[in-house]
Structure formats: structure tokens, C-alpha cells
4 protein chains.
Amino acid sequence: LIDFRSDNTGAVAPEILAAVAEANSGTAAGYGMDRWSAELHHRFSDLFQAEASVYPIATGTAANGLSLSVLGPPWGAVYCSCHAHIETSEANAAGFHSGGLKLSLVEGEFGKLSPLALESAIVESGIGLRQRSQPAAVSLSQASELGTVYSLDELSTISAIARRFGIRIHMDGARLANALVHLGCTPADLVNKAGVDILSFGAAKNGGMLCDAIVVFDRSLVEPLEFRLRRSGHTWSKMRFAAAQLLAYVHDGLWLRNAARANTVAEEIGRQMAAMDGLSLAMPIEANEIFLNVDGRVMDGLERDGIGFFRRGPATARFVCRFDTTESEAEALLSSIRRHAAQIQAIPLGTEHSTHGSHR
Amino acid sequence: LIDFRSDNTGAVAPEILAAVAEANSGTAAGYGMDRWSAELHHRFSDLFQAEASVYPIATGTAANGLSLSVLGPPWGAVYCSCHAHIETSEANAAGFHSGGLKLSLVEGEFGKLSPLALESAIVESGIGLRQRSQPAAVSLSQASELGTVYSLDELSTISAIARRFGIRIHMDGARLANALVHLGCTPADLVNKAGVDILSFGAAKNGGMLCDAIVVFDRSLVEPLEFRLRRSGHTWSKMRFAAAQLLAYVHDGLWLRNAARANTVAEEIGRQMAAMDGLSLAMPIEANEIFLNVDGRVMDGLERDGIGFFRRGPATARFVCRFDTTESEAEALLSSIRRHAAQIQAIPLGTEHSTHGSHR
Amino acid sequence: LIDFRSDNTGAVAPEILAAVAEANSGTAAGYGMDRWSAELHHRFSDLFQAEASVYPIATGTAANGLSLSVLGPPWGAVYCSCHAHIETSEANAAGFHSGGLKLSLVEGEFGKLSPLALESAIVESGIGLRQRSQPAAVSLSQASELGTVYSLDELSTISAIARRFGIRIHMDGARLANALVHLGCTPADLVNKAGVDILSFGAAKNGGMLCDAIVVFDRSLVEPLEFRLRRSGHTWSKMRFAAAQLLAYVHDGLWLRNAARANTVAEEIGRQMAAMDGLSLAMPIEANEIFLNVDGRVMDGLERDGIGFFRRGPATARFVCRFDTTESEAEALLSSIRRHAAQIQAIPLGTEHSTHGSHR
Amino acid sequence: LIDFRSDNTGAVAPEILAAVAEANSGTAAGYGMDRWSAELHHRFSDLFQAEASVYPIATGTAANGLSLSVLGPPWGAVYCSCHAHIETSEANAAGFHSGGLKLSLVEGEFGKLSPLALESAIVESGIGLRQRSQPAAVSLSQASELGTVYSLDELSTISAIARRFGIRIHMDGARLANALVHLGCTPADLVNKAGVDILSFGAAKNGGMLCDAIVVFDRSLVEPLEFRLRRSGHTWSKMRFAAAQLLAYVHDGLWLRNAARANTVAEEIGRQMAAMDGLSLAMPIEANEIFLNVDGRVMDGLERDGIGFFRRGPATARFVCRFDTTESEAEALLSSIRRHAAQIQAIPLGTEHSTHGSHR
């Protein structure tokens, strides 16, 4: 299989494995009372130029669900895009962790929510009315689930709206490094310019192993979050082995290097695909994902050639590049698609039957 | 620090680290669709001589809370000992995961619940009455939180009661290997003789790294559990790295060798402590924990000597042995306690002031 | 105040008060074990030509939330219109009662969901995928929140789709009597032709006092519902006084007479409004509510005249007729609106400033 | 049936029915925005000599569950007696409404919790430790479920403990009027001397119809409670008819007269029972309930005579007196029990077989 299915199919960066091995000596207090966890706190506070509490956690779904659960009461509403992972792919995690919170979908383009639509949704929400879901937070995926990235301007516009109405900002940073690389901004800009209160900090999709993190900037969220982490079973006893992973992940720019590599491969593949007859990009490529408008018969051909990817519609394919996607993988994909696309161009439409299941 | 605080302060068995490194090659489908996960299913089914679905999971608290959540409705009652970890140390995880389930405490000795008391609690519960919590399950910690072990006879008595009333059996096996070694029975006996329906399978306390597991024997629990795992954020995307840990853990008896080592050290230390003047065991030593009746002044002395342990009362100390507790650690503990105990014997009671905080 | 704000501002039908008084003699077993409750079961089973379990309940919000909570797991999705009361006006009750269930909004016209859009939403939902909300039920408001009514044909189309995918049908019948009167069908048609599994049976808006009801046709829902009613505090101890209200409500057609009266008044008012210059109906009038396209300055005028109604937009007004709306109230409303509408017609647009808050 | 089963089997006080009828004129704004609700606020604030927000509610279970849900986080613990209705008879309502809160049982005598045991439980709880349920509130039933009453001294001792540890006080006043009558104290004493923060105010058991109330004295609880009421379906739209019931209930001392009547009958019956051979009171009679030590054969006899009561053990019977228990009912009970008790005295124990089911 030439694997472009997802960035979670990839390997663990060797630096991270080495850090885990290095942490494996002597004993250490449990539940985050170890020195790796303490260092993590300092390291991330430096990185974000703000006091940051960092909680290593098993998955991004947990990071999102728990983050949202501390941002508002269970009668709250969290605004997000209809493409948000919290809406489409977490089996009601937000409602579960919070005890009933509602996701309110906000319109927008390119997988991002529109500031105007957000403002209008809040204005219409009926703040204070006992029968209405109360605006609690806005959740932004950075990079978005469609491989696009909010600009700092977009973020600060959204942040201003949120502040005006007293609601908080959650960022789902499952692909945060990819977005940072694209923007060329610092992690600190997310706090200082984008006003993020709590962050799902992704590592698994970018060379991590078994942990992501929640990073808290709003101090009032720390205590409730710590209890929620414990009772949901998300506080590891042997925390040092998780903290060590995250320390290695941000050490010496590893995370940004990994993301830059994935972004670059995606951009190059996308550029070449877009130049082929009959293909066009469905979304701008701003991170490590390619959404391609492509005939179903071409997708059939890719599958026959052993290319792994996901169909996102009858004429849309998604390809994801990893930090460890090789040049030969990229070439294999391009060569296969070039061949099938050319073949299709040569055949009048409708003369061949295309079968396509709904892959997800 | 000479560390007898807990078995979660210890290292990771090198075999497990090696297995993780070995799994780190190529790509693999996410969320448990990889070949390590498939092998895990087969390996555990062999081990337990019954079809077993295995779900690697971040913590024992998660394993317990999620297991209980599928055993009954949110108006259910789960019977357990007042010493059960689910009651004392999981911040209401059971009530959280299930949406309101109640723990009903059942009397017993040595940290275990009494079959007679269990039966009487079920009989008095008011089965079918709409205003009453409905009996859903019994949860047994094996080994118990007080370092003791249910015999197979005790387990089958409890199992028979549970079957008679149509309630299910959960086993909290945070220290399962220690119990198996003590009993000299097979894992399969837990299913076939003890009738366990769902098992929290502990690894972290016995040389594991960042994962324990839920093992399901009752097939009807599989589907709801899988959705609950996902929405609580307990389904890793890069699952192969968790599955590989568990495969190594049970490979070639590693788990039982580790547990045997911890149990043996505990037994030897306990034997020597019990022989000292003024000291006596508060509990029989059947696993890797020592509960000692000891003067508070002796505990003060241990702390001054840099011995790590927990006070479980003004005159009770808990020492936990790990798979990697060294002989020199054992000797240091014994030598320190021998010296302080002798000193106390030489001094009439009440002539020295003992300070002791409430360590937990 | 000339009151067209809502049908919950009205009086209690004298027949219902009389029935409560008549039930007030002797003692009766609590929690629905009384003879009024038994009679209710029989009476509704006759009415719906199907075995019906009837649970008097304090509010429609409770009826809806509890009904949905038994129709699917907490990782389920319930399909409804974006105008549905469960979505707009129940402060996340569905998510609360179920422990996290999600409402999935389905497109449609006139406040009703479109069968085609429903089918497509189910098809796209990802049945069986662990990361997706699983289709559990469709919830239909009959009459809808926009005063329209699903035809029996529409209902049976929706029912067929639901059956095909194995999901259940909840009907929010807060204004059920108004819909039945409009359709001229029998209550039994809802079960036999529309396939309703569980029904929120409204009475309060149509001459009831303090109770609505849940009516269950799917026997498998009875036991979980009874426990959920009890633990949510919705099982009255002195149930006879609630059951007596509902018996009187359906006795000798009272509910249908009341609804017919409200519908007739609404239709007549609507007819006359639609005939005025500058006014038009925003929705067909099929029950007891009028949604009117009307200049904001006309609404200002109505308010100055002491007419109670709700603004549903800058140029939309909602008027609700009650079973006890008097002819003089109807005339007062018509006369006021006629006067203000005429005045507006005489003034060129934009020459007067209209202020309008967002009334709800 | 001569009915001593419960005080919820009784009638509605005629004054309350009359008030409901009187409220039935004209229209009134919904959801508590009516003038009866406003008056209720003033009337109860006078009664308790403190600003009191009053929320009429369908049942005592709802009042308890919702009250507890605002007193602490879902990882909180509420201390109560093992006899508390919230523990024994509400199908996990507290865990449900709060999303996982735990009830921690505290020892005590006569159905009341012991201040010393309470203090010790809080001290041992592990305040601040993330793995522990955090002390949130103490819940006191006044009168208790065993028909006894906390003295003002007991209450202020408990209140002082609660204040010292920063936890709040909930009072389950399902039989509050009976307790007030026994103590001869004012309602205000509950706030000023006993420090109650939130009160489940019972009416149904003492001549009410379909509503009890939550009374809030701690202003910070008002907003979360109002949202919780709405989303749990406990905010009536036609609230005036509930408020009118409560206004009548406390008007001109009706509630206290009703309770005094029930208490007096209970006391007189208890006095006479205690004087009979072979019978003794199991609990002091301080409200309207009699717990009697009595041979099972005597209970068999009572049942044959058509006396309604509950068996609370093989040799314990519970008789409850209502505000409308008649003298002839009291005489019928006394005469029946006198006859059967005498018969038993005449027969040597063990010569007759006694059958007794477990009535609840």
C-alpha cells in the first residue's frame, strides 16, 4: 500500500522513542508529579510566552471533549464549523464530557467558520433566556479539517467577537504544527493575537506516539480540568513517559521540521496534480492535506494500483501527507494518477462505468 | 529516595520498550485496524481460553469506569468493597462514564467483599422497584487494594450469586498478574471458574508503560463499549504502539515473571518485618503490598532516612514492591525500620512526640 | 393586554378543574398505582387503537427529553427540523436526559423536515462507524412550531424511511389536537399510518393545567422510561390528580373541541389579515398560529395598542390563538392591525424610523 | 382499606383546590413571569426572613436532585444518612441531575446523621486531591425518613461544620411542616440558625396536590438552577396554577395546621401502641410517622383486617398519619392491633408460622 490515507498511519519520530527510553531509569512520582511534567510546564510556558498548564492526554478526541467541558455549563453552546472533527468524528464526545452541551454549526468557506456568521449566531442566540442554549465558546480547528488555515487576521477578528460576548476560544490543534509552519507565526501568537484560552495540542499526527496534550492558558480552567481528567481516566500514573514524548516533540524544533516536511510534500503533489488535465484542487493546500476534484474512474484506478486514500464524495479524493511520506511514495502517487487521468481524458464520458463506494 | 510508594513509580520493562521500537516501521491503519491489534485479540483469546475482545486504554480508571458503564443502566447499582479503587480513588469516574450509576458498598474482610453481605445487599435492593437503584454488577479487585487475593472458591461463590440474580461481574485487575501468581491459577480460570464478564487488565503497575486494557468476554458488551471508548477519547489512532506493549507484556510470561518478582520481595520484607519487636502485619501479604502496624515514630524515622511509603493511618504504613525493586532497596528499608523499631522498644511510650501528617 | 403571545397563557378548561376536584376524595395509592391511572391506560389504548402506556408529566420539555432518551444510546443522533422546539427552546434537554445525544438538523420547508433530506442525512451518517453519531430517531413536531401540519402522506413517507433504517419515530405533539383537527384524522392514524413509537402528548396549550403526557406504543421502551421518569423527578406521588386531568381532557372530545375553536379563530384572523394591504401570511395557517409578514412599524403600533404577540424577525410577527381566545380579542387585534397597516401604506417607506427589539 | 401506607395517599386540602380555581381567570405570562409567582417570591422571603427564590416543582425527587446538582461539581460528594430518601428511593436522581455526583453515607442514630461522623468523613475525604470525590454539601432530611427531627442545636452544630469546610447545606423538607410543628420554631430559624442554603420544600405529603418547591437562599445558585430546571423539564408554562397552590399552602398557617393534625394523631396512636403488651416504638415519634416493633403475626392480622401500612423488616411496621387521617381510621387501627397483639401474647412463640413478604 502506498499510504495517503491519513497522517495517523505514520511512524513515531525516532527522537521521541529515544526520549521515552531515556526517561526509563529510576523511579518517579505518579500522576504528573515527576520532573518531566514540571519541565513540560516550563517548556510550553516559554513556547507560548504565557503561563501554560500542559496535560498529556491519550487522544485528540479526549483533548477536545475535555477542553469544551470546562468552557461552559452543560446548557451551553459551542460554535464550530460543520466540518469540525468535534461535530463529525467524535461520537458525541463533547455532549458526553460536558453532560449535554450542544454544538451549534456556523457557516463558512474552506472548512473554516465565518466571523460574520459567528457573530450573527451569537446575537440570535438569546443570551440569558432560560430556554436557550447559552453561548459558551467557539471552537476553531487549526489547521482545519479541509487542510486550510485561519490567518492571524481571521483569528483576531474571531477573538474580538468572542471577547465582546464573553465567550471563550478553544483551538483544535490536531494539526497545529502544520498551521504554524504555513503561517510562519510563533506559537505565542496563538495566545497573544488569537486569544486562545485552551488548546488541543496535537502530536500524534506529526510523529508523536500515544499522546497529544491539552494546554490551558486561562488559569480558572485548571482546577476543574484536573478533576475532569482524572474522573474520565485521562491522567496517566506513569506520566513521565508521556511528558517525555512531548518534550522531545517540541525540542529543537522537531515538530515544526516534521510539519514543514509534510506540508512541502503536499504542496508539491498538489501543484503537480492541479496541472494535470481534468484534475483541480477542491481546497487551497495550506497544510498537509490535498482535496482533489477527480473523476471517480481515476479513483478506481488509484485503488487498483494500491494507493491508499479516502473518497470524500463521488468526485473528490483526499490525500494526506505525513512527516515520513517518502519521495518514492509521492512519485508513485503522481505517476499512478497521471496515468489514469490521461486515460480518462482519452475516453468520452459515460462510456465506462465507475463504481465507487462511500469511503470515509 | 528508597521508593516503596507505589508500583506505578517504577520503570518500563525493557521488553516492552523494545516491542514499541519494533512496531515503528511502515504505516498501519488507525484506531485498532492494524495487525498488532488483531494479534492481541488472538493472543488474549488463547490466554483466557475464551473469545476475548481487547481494548488497550490509557489508565485503569478509564478501564474501570468504561467497563462499569456497559454493565448496567445509569439507574444501576454496582456492588463493591469500601476499599475499592473505584470508590476511593477515581473521582466519581463510574458515575461519570455511566451517567449516574451508583456504587453500593458491601461489607467484608481484608479488603474483599463478603459473598454473604453481597447476597443480602442484592436481596434487599428492591429489584424492579422504580425508585430503587437496580443491581447491575459486582466489581471485584483482584488483587484487592489491601494486597489480598480472592481465592478461586470465593470467586466462584460470588459468581454463583451474581448469576442467580442476573447481574454481571467486573474484575479490576490493576494487579491481576500478582494475584494469578499468588493463586497459581491460569488466566482462563478467571473466565471459566470466576465468571468474569469484563476485566480491567492492568499492566502499568507491573512493568507496563502507558497502557492497560479492557478485556471483554460477554459479546453483547462489545458494541456499546466501542462507541463509549471512542466518545470518551480512549481509542488511540496509532493503536499499534499500544497493542505492541500488551503483546510484549504477556509474551513468554513476562507479566507473570515481573509479578512473581514483586510478590517475592514483598513476602520476604513482610516476613522479616513481622519478626521485629513491635511490628505486625495488618493484612496477609498475598500480592506485592505490605500493610504494617507500626508506631508513628518509626514511620517518622523511615521518612528521615529517605524511605518513600504511604501512611494509611496513625499506626499503619503501606509499602509497595515493584517488579524492579532491587535487593539493596529491600535491605535499606529493612535496615532502617529495624533500627527505628528497636529504638522505640527501648523508649517508654509517650516520652517522645510523634508528628505525622496524613499521607495518602 | 389583548393576549396573542402564546397558547400557554390561557385558562384551564372548566371540565378539567372539575375532574381534579372530583378525584379529591378518599385515599389512593401513589406513583400511578391508582384507578385513574389505570383508566388512563385503557382510555388511551382505545383512543389510539393500540396498547398505550401513558405517563402524565409536568411539561412538554420533559416529555420530549425523556422520550428521546429512550430511543437511542447517548452516542445517537436524532433528526429534526431547525425550528424544532427540542432544538431551539429546551436548553439542551435532549442532551441532558440522554447523556450526550445529538440533534441533527434536517432541511425542509414550512417548519417541517423534508423526507428526502432526512433520507440523505441517514445515508450519509456512517452507520456502524464508531466515530460517528448513530442514527437513533426522527422527531416530528405535529403541528410544527411554524403552525403547519404534516399530512398523513408525509408522515407515512417519513415512517417508511425510518423503518427502512431501523430508527424510531418520536412525535412532539405539543399541539397534537390542533393537528388532528386540521387533518380530520383519528389519533389511531398516528400509530397505524404514521408509525409513531413514542408521543409527547400536549394538553397544557389547549386547556390543560399542569400536565402533558408521554404515550408509549413501543413496549420495549416502557421499562427504561419508567426508571428515567423516576430518577428525573417526573413521577408524581399523587398521580391521580394528574391522570384525572388527562381523562377529562380527552373525555367526550373536549380536546378536539378546544383545538377546533383555536384553529378556527386563527384561520379567520389570518384570512382577514392576508386581505389587508401590505400584509401577507408567512406560513399557511394549519393550526392555531399565524405567522405574518408585516412592517416593523405596524408591529410598533400593535404594541402601543396593548396587543401581545411575538416578533420573529424584523418583519415577521407571530400571533397564537387559544381555545379561550374571545371574539372581542380577535376583533381588537384585527382592528388595530388594520388601522396601522393602512397608516403605513399612506407613508412612503423609510420616512419613519422603526425600532424593534428582538422579542422571542 | 384503612390507609396508613403513606402521607402521599391523602387528599388535597380544599383551600388549595379553591386557590387553583381562583387563579383560573384571564391570561398570564408563562414560565413564572406571572403575578402569582412574584407573590410567591415575596411571601416566602417574608416567611424565611431572607431573600428566597421559589421554584414550584413537580416532585420532591426533582427538588432534591436539582438542588444537589447546583451545590457542587459532578466530582463532588454529598454527605447524607443511609436512610436518606436521596439514597434509598430516588433511582440515582442525584447522580443523574449532576452528571456523576456521589452520595457518601454518614453514620448516625434515629435516621439522622451524626455531626461527629460528618466531620470525620470530611476530614478524611482528601480535599483537593484529584482522585477523590470532593466534599460539596451535606443533605439533611427534616423530618427524617424515620420520623425523627433534628433539633436546632443539632442543626447549628452541623451548620458550623459545613461552614468550616466551605460546604453547603441542603435540607430535604418533604415533611418540613411536621418538623417545624414539632420544634415550635419558625421557618426563618432554618436559614438563620441552621444555615440552610437550598431547601426542598414539601407540600404534597401534607395536603398539597401536584407541586412541591425548591427554595434558594444562596443567591449564587439562582442562575444555574433556573437553567437546570428548564432543561430537565421542570419549569411549567402555566406556572400560575402551581404558584397558587403554594400560596394557599402557606396562607394563614394552613401548612402548619395540617402538619399539627397529622403529628397529633401519630403521637396519640404511638402512645397507645407503646402501652400494649409486646409492642414498642422503634423510633421516637417526632413527626407523623410511627415505626413499631411488632411480631410479624400481628402484621399479618392487620393486613387481614384491611389496614394499609408498610413492613420495614420482619418485626417492624411503619404507619404514616396524614393531615386528613380521621379519628375512626385511628380507632380502627388501634382496635385491630390491640386484638392481634393480645392474641399473640396468649400463644407461645414459635407455635404459629408467620409469613411476611418484604413490603416496601
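The values are calculated or read from the model by the stated rules, or taken from the named source; none is laboratory data. Just so we're clear, the structure is a prediction, and the values are computed from it rather than from any experiment. For neighbour counting, all protein chains shown are included, and Cβ atoms are generated from backbone atoms with ideal geometry for every residue, glycine included. Surface accessibility is based on the protein's heavy atoms, side chains included, excluding ligands, DNA and RNA. Shrake-Rupley method; radii C 1.70, N 1.55, O 1.52, S 1.80 Å.
Identify all residues within the range A:81-101 that are outside any loop (DSSP other than H, G, I, E, B), facing chain C (nearest Cβ under 8 Å) and more than 16 Å from A:VAL70 (Cβ to Cβ); write none if there are none.
Within the range A:81-101, A:THR88 is the sole residue that qualifies.
Okay, residues lined up against (1) at the interface with another protein chain (Cβ under 9 Å from one of its Cβ atoms); (2) farther than 30 Å from D:ALA332 by Cβ:
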residue: D:PHE217; (1), (2): no, yes
residue: D:LYS238; (1), (2): yes, yes
residue: D:ASN263; (1), (2): no, no
residue: D:ALA266; (1), (2): no, no
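Picking from D:SER139, D:SER125, which residue would you name as being small (Gly, Ala, Ser), touching a residue at least 12 places away in the same chain (Cβ under 8 Å) and either in a helix (DSSP H, G or I) or open to solvent by less than 10 Å² (accessible area, probe 1.4 Å) (or both)?
Result of the check over D:SER139, D:SER125: D:SER139.
So, C:GLY296, is that one away from chain D (no Cβ under 14 Å), in contact (Cβ under 8 Å) with a residue 12 or more places away in the chain and at positive phi or not?
Here the answer is no, as C:GLY296 does not meet what is asked.
Would you check if there is a residue in the range D:47-54 being in contact with a Pro (Cβ under 6 Å, 6 or more places away or on another chain), modelled with pLDDT of 95 or more and open to solvent by 10 Å² or more (accessible area, probe 1.4 Å)?
There is at least one residue in the range D:47-54 that is in contact with a Pro (Cβ under 6 Å, 6 or more places away or on another chain), modelled with pLDDT of 95 or more and open to solvent by 10 Å² or more (accessible area, probe 1.4 Å).
Would you check if B:ALA38 is without any contact (Cβ under 8 Å) to a residue 60 or more places away in the chain, open to solvent by 20 Å² or more (accessible area, probe 1.4 Å) and more than 8 Å from chain A (Cβ to nearest Cβ)?
yes
Taking into account only those residues within the range A:108-122 that are within 25 Å of the chain's Cα centre (by Cα) and without any contact (Cβ under 8 Å) to a residue 24 or more places away in the chain, which is nearest to D:SER98 (Cα to Cα)?
A:ALA117
Which of the residues that make up the range D:263-297 are in contact with a Leu (Cβ under 8 Å, 6 or more places away or on another chain) and of a type in the set (A, V, I, L, M, F, W, C)?
Correct list: D:ILE269, D:MET273, D:ALA274, D:LEU279, D:LEU281, D:ALA282, D:MET283, D:ILE290, D:PHE291, D:LEU292, D:VAL294.
May I ask you to say which residue of B:GLY95, B:GLY173, B:GLY184 is surrounded by fewer than 24 Cβ atoms within 10 Å (Cβ to Cβ) and without any contact (Cβ under 8 Å) to a residue 60 or more places away in the chain?
B:GLY184
List the number of the failed condition for D:SER45; all other conditions in (1) within 14 Å of chain C (Cβ to nearest Cβ); (2) more than 20 Å from the chain's Cα centre (by Cα) hold.
Answer for D:SER45: the failing condition is (1).
Every residue in the range A:149-164 that is touching a helix residue (DSSP H, G or I) at 6+ places or on another chain (Cβ under 6 Å) and outside any helix (DSSP H, G or I), please.
The answer is A:VAL149, and nothing else.
Kindly indicate whether B:PRO135 is closer than 22 Å to B:PRO284 by Cβ and over 17 Å from the mean Cα position of the chain (by Cα).
No, not satisfied.
Is there a residue being of a type outside the set (S, T, N, Q) and under 30 Å from A:SER89 (Cβ atoms) anywhere in the range C:173-187?
Looking for residues that are of a type outside the set (S, T, N, Q) and under 30 Å from A:SER89 (Cβ atoms), one finds none in the range C:173-187, hence no.
Quick one: how many residues across the range D:99-117 are open to solvent by less than 10 Å² (accessible area, probe 1.4 Å) and among the small types (Gly, Ala, Ser)?
Qualifying residue count for the region: 2.
Being closer than 19 Å to A:ARG230 by Cβ and either out of contact with any Pro (no Cβ under 8 Å at 6 or more places or on another chain) or at the interface with chain B (Cβ under 7 Å from one of its Cβ atoms) (or both): is that true of A:VAL78 here?
No; evaluated as a whole, the condition is false for this residue.
Scan the range B:1-24 for residues that are within 27 Å of B:ARG230 (Cβ to Cβ), more than 7 Å from chain A (Cβ to nearest Cβ) and of a type outside the set (Val, Ile, Thr) and jot them down.
Matches in the range B:1-24: B:ALA19, B:ALA23.
How many residues does the range C:64-91 hold that are surrounded by 24 or more Cβ atoms within 10 Å (Cβ to Cβ), more than 14 Å from C:VAL138 (Cα to Cα) and within 17 Å of the chain's Cα centre (by Cα)?
3
Looking only at the range C:57-75, which residues are more than 8 Å from every other protein chain (Cβ to nearest Cβ) and among the hydroxyl-bearing types (Ser, Thr, Tyr)?
Hits for the range C:57-75 are C:SER67, C:SER69.
Out of curiosity, is B:PHE201 surrounded by fewer than 24 Cβ atoms within 10 Å (Cβ to Cβ) and aromatic (Phe, Trp, Tyr)?
No, not satisfied.
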